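One structure below.
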Amino acid sequence: MRCGAITSPSWRSPSWRRWRGSSGTVCPGRRVPGTMTPTQDEWKAALSRRFTAFVEAYERGSLEAMSELFWHDDDIVVVGTHSNLHFRGWEQVEHSFRTQFGSLRDIRVTLRSEQLWHGGAPPSTMACLTVPAMDIALVAGGRPVTFEGIRVTCAFERRGAEWRMVQLHWSLPRTEVLVDHKYR
């Protein structure tokens with residue numbers, strides 16, 4: 001039996017490798033895909049806490065708390081459904097959240113699906129989260145609005161021992177623009 005690494009074409013991190021023999025059997029001494037080690041459980045738990053903190057900060061409308069969850073780099077990206085919702089760099093991202101928090105009230109987030117984590121196990125410094133279905137209920141312009149089935153992806157980067165977001169994308173299942181960000 002010959003053993004070798006099968007890697008995902010988009011990720012070259014060792015944490016993305018699956019070791020298989022030519023017959024499809026797992027090679028001796030290699031991690032079985034889908035099994036969890038304590039280290040993997042720890043990074044997923046840590047990042048789940050970061051995402052929970054993001055949801056709580058968004059519900060509270062706390063720009064200060066949101067600031068603690070993103071790296072303040074010039075190349076971080078937040079993307080929404082509409083063409084006017086594409087923000088690059090902390091300055092634009094901060095402006096977007098400030099505008100939302102100034103316009104939206106009574107924000108409530110409900111996760112309707114499990115969090116799907118990719119990457120993140122040491123020695124990786126990147127991890128991705130996918131939430132296939134999330135709902136947001138809020139008040140905009142004095143009227144209640146509910147968005148159901150929002151799809152969310154986040155990329156987190158670890159620097160030292162700290163994980164923060166470097167990318168956020170959420171797609172709303174409707175076309176109406178509620179907040180004009182006027183940044184672009």
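Values for this structure:
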| item | result |
| --- | --- |
| Residues (within 19 Å of Glu157 (Cβ to Cβ) and in contact (Cβ under 8 Å) with a residue 24 or more places away in the chain) located in the range 41-67 | Trp43, Lys44, Ala46, Leu47, Ser48, Arg50, Phe51, Phe54, Met66, Ser67 |
| Criterion violated by Val179 - all others in (1) free of Cβ contacts under 8 Å to residues at least 40 places away in the same chain; (2) more than 13 Å from the chain's Cα centre (by Cα) satisfied | (1) |
| Flag if Ser83 is at pLDDT below 95, in a loop (DSSP other than H, G, I, E, B) and touching a helix residue (DSSP H, G or I) at 6+ places or on another chain (Cβ under 7 Å) | no |
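The values are calculated or read from the model by the stated rules, or taken from the named source; none is laboratory data. In this text the structure is predicted, and so the values were computed from the model without any measurement. Every residue, glycine among them, receives a Cβ derived from its backbone with ideal geometry; neighbour counts consider all protein chains shown.
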